[in-house]
Amino acid sequence: MNEDFLYTSINNDSRKVFRLGLSATYRPGRKAIYKAVDSGVNLFFLFGIDNQMISVTKDIMSINRDKYYIVTGAYNFIAGHFNYRKTLEKRLRQLNTDYIDFFFLLGVLREKEFSEKSIEELNKLKEEGKIRHIGLSTHNRKFAGQLADNGSVDTLMIRYNAAHRGAEQDIFPYIEKHKTNVISFTATRWRYLLRRPGKWPKEEPLPTAGMCYRFVLSNPNVNVCLTAPTNIKQLEANIAEVQKGPINKEELEFMRKIGDAVYRKKRK
């Protein structure tokens, strides 16, 4: 087991973070979430309606709050201004905690949706001690790169996988400047990387979901990659494969090759 590959730290925080984070978006069941905890997973992404995740994280944090990281935020409904405080206070009540580790505006499409006023409000909540880290989730790579470059936020939640590698040019070159954290999602490209793309030779293998996670986590610019299994079996398989450590040169070339094939197919 490669400790340096499996664990990371967030900025100056001395606590270790398991690099595979868990989302319960596809409702894998409370048993699967507890299994993730037992396997060392300690970063959890949740929406306000994720009853399974809220139930389990509320339970485990009642014993040792500082051991776990919660990632959540306000939804980007595009129209109108967001009441960050109201959403934050609701999450604090739901989880029975005094603070949220990562609080974002989720689903930002355009720059104007995440204004200077939004950043000021999030920073105010951070100064009050109710948030440890602020940021946004977005597919807008150029904007994410700008935010990393000017240090407006300390964390970015972005898409990165073998088929969508644009972050390597648009985001990653800028994160070292302010030590910006990166949480990635859609490692399997919504499972398209697990399916045979058009004209992919029948004799050629396909990657496993775990290999997709290893591809993402082998990039040193990514702190944590989220997994969203549908059941406990998928969760166990993903964790077991991540424990193999970083992908080797041949695996990297293979993942980039199939990633290009999947990208071309979806573009068509």
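None of the figures in this text is laboratory data; all of them are computed from the coordinates on show. For clarity, every value in this text was computed on a predicted model and none was experimentally measured.
Please give the length that would be gained between TYR26 and GLU111 if that part of the chain were fully extended, namely 0.36 nm times their separation in residues minus their C-alpha to C-alpha distance (nm, one decimal).
Details: separation 85, 0.36 × 85 = 30.60 nm, distance 2.92 nm.
So the chain would gain 27.7 nm between TYR26 and GLU111.
Potential lengthening of the chain between GLN243 and LEU206 amounts to 11.4 nm, from the contour at 0.36 nm per residue minus the alpha-carbon distance.
Subtracting the Cα-Cα distance of ASP66 and ASN83 from 0.36 nm times their residue separation leaves 3.5 nm of extension gain.
Comparing SER184, SER55, SER14 in a Gaussian network model of the chain, where Cα atoms under 10 Å apart are tied by springs, the biggest mean-square fluctuation is seen for SER14.
With a cut-off of 8 Å between alpha carbons and a minimum separation of six or more residues, what is the relative contact order of region 1-151 in percent?
Values: 196 pairs, mean separation 24.6, N = 151.
Computed value for region 1-151: 16 percent relative contact order.
Relative to the longest principal axis of the Cα atoms of the chain, the long axis of helix 116-127 lies at roughly 70 degrees. Our summary of shape: the Cα atoms of region 113-254 have principal axis extents of 55, 32, 26 Å, ordered from largest down, in whole angstrom. How many angstrom lie between the C-alpha centres of region 41-103 and region 185-229? That distance is 27 Å.
Using the alpha carbon gyration tensor of region 127-175, what are the three equivalent-ellipsoid semi-axes (square root of 5 times each eigenvalue), largest first, in whole Å?
Values: eigenvalues 99, 27, 11 Å².
After scaling each eigenvalue by five and taking roots: 22, 12, 7 Å.
Taking the three principal axes of the alpha carbon atoms in region 48-143, the coordinate ranges are 40, 27, 23 Å, sorted in descending order. Each Cα pair under 8 Å and six or more residues apart adds its sequence gap; the mean of these over the residue count of the chain is a relative contact order of 21 percent. Result for the chain in a Gaussian network model with C-alpha springs under 10 Å: among PHE45, PHE254, PHE172, the largest mean-square fluctuation is at PHE254.
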